[in-house]
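J.: Pasting a structure here, questions to come.
The values are calculated or read from the model by the stated rules, or taken from the named source; none is laboratory data. The structure displayed is predicted, hence computed values, not measured ones. Every residue, glycine as well, gets a Cβ built from its backbone with ideal geometry; the counts of neighbours run over all protein chains shown.
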Amino acid sequence: MSEADCARPLGVTRQTNNQAVLDRPAQRFLRDAPAGTGKLVERDSVLAELARLLTESACGHGKVAVISGGIAAGKTALLETFEQHAVSARATLLHACGTPTEQTLRFGVVEQFFRGTTGSAVARLVTDLIASPYGSESPDEDSESRIAHSVCAALLDLAGEQPLVISVDDHQFADHASIRVLTYLLHRIGSAPVMLVFGQRTGTSSGLVPEALRHPDSRLFTLPPLSQDGIGRLLADRLDVKAAPRLAPGCHALTGGNPLLLHALIEDCRALGVDGMSEPVAGPAFASAVLSCLHRGGPQLQRTARAIAVLGELATPALLARFLGERLSVVSDTLEALELAGLTAGSQFRYGRARAVILGELTAAERSTLDLRAARLLHADGVAPAEVVGYLLDAGEAEEPWAAGVLRAAGDQILTHAERALALGEVGDAVRYLESASRFCGDGRQRATLTARLARFQWTVSPAAASRHHGPLRAALRQGMLTDGEAMRLVRSLAWHGQPGEAVRALETVTGPPDPAERDLTGRWLARWHPPLFAAAQRNGLTEPLRAKNVRAKTSSTDCDNTAMVDRTEQVLRESRVGDTPPESVLSALRELLAADQPKRAMYWCEDLLRDAERQHATAWCAVLTDLRSAINLRLGELADAERDACDALSLLSVRSWGVAIGSPLSHLVLATTRMGKFDEAERAFTLAIPRAMGHSGYWLEYLVARGHFSLATGRPHAALDDFRTVGDLAASWNLDDPVTLPWRVEMARALAQLGQADRATHLIREQLAMLGSASGWMRGVSLGVLASVADLPQRRAILDAAVDLLQTAQDGYHLAHVITELGRVRHREGRLTRARQLWHRALRLAERCHAHPLRREVLACLGALNTDARPGGPRDVDGSPALSAAERRVAELAVSGRTNREIGQTLHITLSTVEQHLTKVYRKLNIKRRSELPAVLPV
């Protein structure tokens, strides 16, 4: 090729001695390549130089290029772009990549040159040479040299056909035999159309690079991290033009200009949406890219990064060298590589969560080993126990004598570590910290404090696990080592787990300075939910420690009093913190809001605290708050939500962890499923084993009310009456007879009405209304609805109108639907058919929204009655078929004739329960509420 030919730009096609001149202009390559890849930024000058070297090598001037850069600096992307150009320019490309795992494979890199091209003569020659006897597993130096020389000659022969580009990425991992071939080639490409391109990571060394850079036509290209301007251009191209200037500084701070990290960060930002984003947000893609960089860097880089993660702010080059057992120069080089990769600044990570991401790859045993090594190192350096104790706690083991001393000296710091872990939702870590500290604590009082704190932390996850500390805590209480607050929490825990005797004995040993808030809370809680225990405390003269008198809710407060109470209650909830505030205080406050006719406010605070509990993985808190939400949904008539919450609450804790309080979610589940008509599900709830001690708690009364409600709905009013009578007797003897929180009179009146005992039902409801006074518009509305069902027809409409007004204000869709249905019956009897239809359609919508299917069927029957004619045989359904079955009609006729239920059963040879079920269906089908109305609609 003449000098004139070489002076021409790439793109002129000529053939000289079977050698093709490259035919694609370098200018076009430089213009198109960066845009085509969508990856390369601030690499134009390097690409231009590589293109120029390729042009010159094609003219018979061998060239060598070494591309160096940090981890994931874009070397591979740059090589790939250049290789695409070389191929399109009709050069022969031989590509290989060195890897640590194949570094011992002789001629491994050379073999990669011809992978997939076994058909060519040169490929067969090289393969035969490597597989020849000279290529045995244990060759001598002379035989390997002859093979390398022959392979080199074959490669040069290949360059005789057309220009040759040999590209080796990560060549620092090339095997020794391949390096020998490439070294021979270096010395023989002076006048050959060959270009050698080597990629290597900055900071690594191999035997080839110094030799390559001594070549007269060699160039070293070092790829720096991307600048902030370059990052801005990439953000504008791949993310958002408007957001690029705003996000570029933060992206540069997080990535240090590392392209791999930057692309991952862009992916995370795109997933979240950049509108309104002021700072980039690193997510899972970025965390994965951090780990990818470390894995690419090799074992030494990974070990150093883990050491930085363990030591945290204490990490310095000197301390890291001792921690790793390496020379300081080695550690300094590794730190430089980490900083060049954009992972660190100095010896600290740029990315705040890098520590958690890196340590998250370790097994528990590996993490423990590193933490223990750090503790030993810091203790040997004389670092204060407060700085060392965290590593001992994370290690989870400390057998050395000095470790016990550190743990004893850092008691306050241990509590701080545990509190911090609990706040972060790492309850398991908090428990482990306190367990480790208590094992090595020599001071009895401090050990008691740690055990009390441990029990409190464990309760947030598993009350059953916390109960195993009852024994040590009772012993500590007898020795006067518990504070008053710790003693009161122990008493409440013993009561929760159904150990009233132990709770009373614990009260008898309380001697410390009183904590008024804890004593007041304990007294109110025991009096409301564990009244026999509270009574036993009274008999033993222990009422003063509890500071509780009459805890029955005040039911005749004025609006002003009620507003003040709500404000005080919300202030308690506003200051409550999951894991810190006693759960009994939170539950009491929420129930007070509910009793004060503030279900929406109760729901707001319940869900706010529930979100906090979920963030902290506080399972027990989640369970009791979800149960409370079930109660609130029942109060609002949201039956499906109440059922879901009750099921969730029961699934979150075991029966043992629930203790006697399991009666609460069970009661809510039974009430919700019964009102929805899911009688099989309600009945299954009664098969769940409950603690015997629940029968001596306030939860037993809620359970009996729910069971009586179920019996009433399934046609067993006598069984229901027994349960409600028991509730009334216990409520009176336990001083819990509150018409709002335990409305047993309302339920008992319903049972009496179903049995035809209207006078007794009326007496109970009037007693209920008298106790209520002006309090609780919701409960007055419910009570009036029951009173209307047993009142004479002329009085019924006025009572129902008042009930509707109260229940509408109370936002109780379920009971409102019942009252409106009854009001529609009254209008129907008055002949106001259009108004009756309007009322029943409204009731139907409410019943459907509440998922109250039995009530829905009842309303549909009422609507069907509007089409009933007066044909013989009595009332008929919409389709004209008789409304009553033959058995129902026989029972109804006997009832009209004045027979009692027992006499009807004896006459028809059926059980008393069957008679009650038939009459229930008759009343529903005939749209009446009591026996006395039968003659008017079913004459004998």
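J.: Can Arg591 be described as of a type in the set (Lys, Arg), buried (at least 17 other Cβ atoms within 10 Å of the Cβ), at pLDDT 80 or above and out of contact with any Asp or Glu (no Cβ under 9 Å at 6 or more places or on another chain)? Break it down into steps so the answer makes sense when it comes.
T.: Values: of a type in the set (Lys, Arg): yes; buried (at least 17 other Cβ atoms within 10 Å of the Cβ): yes; at pLDDT 80 or above: yes; out of contact with any Asp or Glu (no Cβ under 9 Å at 6 or more places or on another chain): yes.
So Arg591 passes the test.
J.: Does segment 250-257 contain at least one residue that is closer than 22 Å to Thr76 by Cα, touching a Cys at 6+ places or on another chain (Cβ under 7 Å) and of a type outside the set (S, T, N, Q)?
T.: no
J.: So, one more: I'd like the full set of residues that are of a type in the set (Ser, Thr, Tyr) and out of contact with any helix residue (DSSP H, G or I) (no Cβ under 6 Å at 6 or more places or on another chain), limited to segment 207-266. Walk me through how you get there before you give the answer.
T.: First pass over segment 207-266, keeping only residues of a type in the set (Ser, Thr, Tyr): 218, 222, 227, 255.
Selection gives Thr222, Ser227.
J.: Same structure, new question: Could you please find all residues in segment 685-721 being crowded, with 17+ Cβ neighbours inside 10 Å and of a type in the set (D, E, K, R)?
T.: Glu702, Arg707, Arg716, listed by residue number.
J.: If Trp496 satisfies every condition in (1) in contact (Cβ under 8 Å) with a residue 40 or more places away in the chain; (2) in contact with a Ser or Thr (Cβ under 7 Å, 6 or more places away or on another chain) but one, which is the exception?
T.: Among (1) in contact (Cβ under 8 Å) with a residue 40 or more places away in the chain; (2) in contact with a Ser or Thr (Cβ under 7 Å, 6 or more places away or on another chain), the lone unmet condition for Trp496 is (2).
J.: Does Ala365 qualify as being within 32 Å of the chain's Cα centre (by Cα), at pLDDT below 85 and more than 16 Å from Ile308 (Cα to Cα)?
T.: On the way: within 32 Å of the chain's Cα centre (by Cα): yes; at pLDDT below 85: no; more than 16 Å from Ile308 (Cα to Cα): yes.
Criteria not met by Ala365.
J.: Among the residues of segment 632-657, what is the count of those that are among the acidic types (Asp, Glu) and buried (at least 22 other Cβ atoms within 10 Å of the Cβ)? It would help to see each step written out before you state the result.
T.: First pass over segment 632-657, keeping only residues among the acidic types (Asp, Glu): 638, 641, 643, 645, 648.
This time we only want the ones that are buried (at least 22 other Cβ atoms within 10 Å of the Cβ), so: 638, 643, 645.
Residues in segment 632-657 being among the acidic types (Asp, Glu) and buried (at least 22 other Cβ atoms within 10 Å of the Cβ): 3 in total.
J.: Continuing with the same structure: Going residue by residue through segment 154-166, is there one that turns out to be more than 18 Å from Gly62 (Cα to Cα) and modelled with pLDDT of 70 or more?
T.: Our first condition is that a residue be more than 18 Å from Gly62 (Cα to Cα); within segment 154-166, this holds for none.
No, segment 154-166 has no match at all.
J.: Here is a follow-up. Glu486 is checked against (1) touching an Asp or Glu at 6+ places or on another chain (Cβ under 8 Å); (2) among the acidic types (Asp, Glu); (3) modelled with pLDDT of 90 or more and fails just one. What number does that condition carry?
T.: Against the list (1) touching an Asp or Glu at 6+ places or on another chain (Cβ under 8 Å); (2) among the acidic types (Asp, Glu); (3) modelled with pLDDT of 90 or more, Glu486 comes up short only on (1).
J.: Across segment 574-613, what is the total count of residues that are of a type in the set (A, V, I, L, M), in a helix (DSSP H, G or I) and more than 21 Å from Ser657 (Cα to Cα)? Don't jump to the end; show me each part of the working.
T.: Initial filter on segment 574-613 (of a type in the set (A, V, I, L, M)): 578, 586-587, 589-590, 593-596, 602-603, 609-610, 613.
Retained after the next criterion (residues that are in a helix (DSSP H, G or I)): 586-587, 589-590, 593-595, 602-603, 609-610, 613.
Going one step further and asking which of them are more than 21 Å from Ser657 (Cα to Cα), we end up with 589-590, 593-595, 602-603.
Selection size over segment 574-613: 7.
J.: Being of a type outside the set (Asp, Glu), in contact (Cβ under 8 Å) with a residue 12 or more places away in the chain and either under 30 Å from Thr900 (Cβ atoms) or not assigned by TED's automatic domain parsing to the domain that holds Gly864 (or both) narrows it down to one of Arg797, Arg750, so name that one.
T.: Details: Arg797 fails: either under 30 Å from Thr900 (Cβ atoms) or not assigned by TED's automatic domain parsing to the domain that holds Gly864 (or both).
Just one listed residue meets the conditions, Arg750.
J.: Continuing with the same structure: For segment 251-319, which fully contained helices (runs of 4 or more DSSP H) count at least 2 residues that are surrounded by 21 or more Cβ atoms within 10 Å (Cβ to Cβ) and over 30 Å from the mean Cα position of the chain (by Cα)? Give the steps one after another, and end with the answer.
T.: On the way: elements: 259-272, 284-297, 299-311.
Because the criterion is at least 2 residues that are surrounded by 21 or more Cβ atoms within 10 Å (Cβ to Cβ) and over 30 Å from the mean Cα position of the chain (by Cα), the helices (runs of 4 or more DSSP H) in segment 251-319 that meet it are 299-311.
J.: Which fully enclosed helices (runs of 4 or more DSSP H) of segment 614-691 have 2 or more residues being within 15 Å of Trp496 (Cβ to Cβ)? Steps first, answer last, please.
T.: Details: elements: 619-636, 639-652, 655-658, 663-675, 679-685.
Because the criterion is at least 2 residues that are within 15 Å of Trp496 (Cβ to Cβ), the helices (runs of 4 or more DSSP H) in segment 614-691 that meet it are 619-636, 655-658, 663-675.
For (1) out of contact with any strand residue (DSSP E or B) (no Cβ under 8 Å at 6 or more places or on another chain); (2) polar (S, T, N, Q); (3) within 22 Å of Glu83 (Cβ to Cβ), each residue gets a yes or a no:
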residue	(1), (2), (3)
Leu156	no, no, yes
Asp169	no, no, yes
Leu185	no, no, yes
Ser191	yes, yes, no
Gly203	yes, no, no
Ser227	yes, yes, no
Gly230	yes, no, no
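J.: Still on this model: Given the criterion crowded, with 21+ Cβ neighbours inside 10 Å and either at pLDDT 90 or above or not aliphatic (A, V, I, L, M) (or both), identify the matching residue among Glu822, Glu830, Glu848.
T.: On inspection, the qualifying residue turns out to be Glu822.
J.: OK, next. Is it the case, given these coordinates, that Arg629 is surrounded by 24 or more Cβ atoms within 10 Å (Cβ to Cβ) and among the basic types (Lys, Arg)? Even if it seems obvious, please write down each step before you answer.
T.: Numbers: surrounded by 24 or more Cβ atoms within 10 Å (Cβ to Cβ): yes; among the basic types (Lys, Arg): yes.
So Arg629 fits the description; yes.
J.: Of the conditions (1) in contact with a His (Cβ under 8 Å, 6 or more places away or on another chain); (2) at pLDDT 50 or above, Arg52 clears all except one; give me its number.
T.: Evaluating Arg52 over (1) in contact with a His (Cβ under 8 Å, 6 or more places away or on another chain); (2) at pLDDT 50 or above leaves (1) as the failure.
J.: Does Leu533 meet the test of being over 21 Å from Val431 (Cα atoms) and either within 31 Å of the chain's Cα centre (by Cα) or crowded, with 17+ Cβ neighbours inside 10 Å (or both)?
T.: Values: over 21 Å from Val431 (Cα atoms): yes; either within 31 Å of the chain's Cα centre (by Cα) or crowded, with 17+ Cβ neighbours inside 10 Å (or both): yes.
Judged against the criteria, Leu533 is a match.
J.: Taking segment 890-916, which residues are surrounded by fewer than 19 Cβ atoms within 10 Å (Cβ to Cβ) and in contact (Cβ under 8 Å) with a residue 40 or more places away in the chain?
T.: Step one: of segment 890-916, the residues surrounded by fewer than 19 Cβ atoms within 10 Å (Cβ to Cβ) are 890, 893, 896-900, 902-903, 906-914.
Selection gives Glu893, Val896, Ser897, Leu912, Ser913.
J.: Let me ask another. Condition test on Asp371, is it farther than 29 Å from Tyr433 by Cα and assigned to a helix (DSSP H, G or I)? Outline the logic, then answer.
T.: Working: farther than 29 Å from Tyr433 by Cα: no; assigned to a helix (DSSP H, G or I): yes.
No, not satisfied.
J.: For segment 62-87, which positions are of a type in the set (Lys, Arg) and in contact with a helix residue (DSSP H, G or I) (Cβ under 9 Å, 6 or more places away or on another chain)? Break it down into steps so the answer makes sense when it comes.
T.: Initially, segment 62-87 is screened for residues of a type in the set (Lys, Arg), giving 63, 75.
Within segment 62-87, just Lys63 meets the criteria.
J.: For a quick check of your reading of the model, give me the residue pairs whose first member lies in segment 814-833 and is in the same structural domain as Ala847 (by TED's automatic domain parsing) and within 16 Å of Leu863 (Cβ to Cβ), whose second is acidic (Asp, Glu) and surrounded by 19 or more Cβ atoms within 10 Å (Cβ to Cβ), with beta-carbon atoms closer than 7 Å and at least 6 apart or on different chains.
T.: Thr821/Glu858
J.: Would you check if Ala495 is in a helix (DSSP H, G or I) and more than 20 Å from Pro463 (Cβ to Cβ)?
T.: On the way: in a helix (DSSP H, G or I): yes; more than 20 Å from Pro463 (Cβ to Cβ): no.
Judged against the criteria, Ala495 is not a match.
J.: Here's another thing I want to ask about it. Assess whether Leu239 counts as being closer than 26 Å to Leu40 by Cα, out of contact with any strand residue (DSSP E or B) (no Cβ under 6 Å at 6 or more places or on another chain) and surrounded by 15 or more Cβ atoms within 10 Å (Cβ to Cβ).
T.: Working: closer than 26 Å to Leu40 by Cα: yes; out of contact with any strand residue (DSSP E or B) (no Cβ under 6 Å at 6 or more places or on another chain): yes; surrounded by 15 or more Cβ atoms within 10 Å (Cβ to Cβ): yes.
Against the criterion (closer than 26 Å to Leu40 by Cα, out of contact with any strand residue (DSSP E or B) (no Cβ under 6 Å at 6 or more places or on another chain) and surrounded by 15 or more Cβ atoms within 10 Å (Cβ to Cβ)), Leu239 qualifies.
J.: Residues in segment 77-99 that are under 19 Å from Ala174 (Cα atoms) and either of a type in the set (D, E, K, R) or outside any helix (DSSP H, G or I) (or both): how many?
T.: Applying the first criterion (under 19 Å from Ala174 (Cα atoms)) to segment 77-99 yields 79-80, 93-99.
Subsequent filtering for residues that are either of a type in the set (D, E, K, R) or outside any helix (DSSP H, G or I) (or both) retains 80, 93-99.
Summing the residues that are under 19 Å from Ala174 (Cα atoms) and either of a type in the set (D, E, K, R) or outside any helix (DSSP H, G or I) (or both) in segment 77-99 gives 8.
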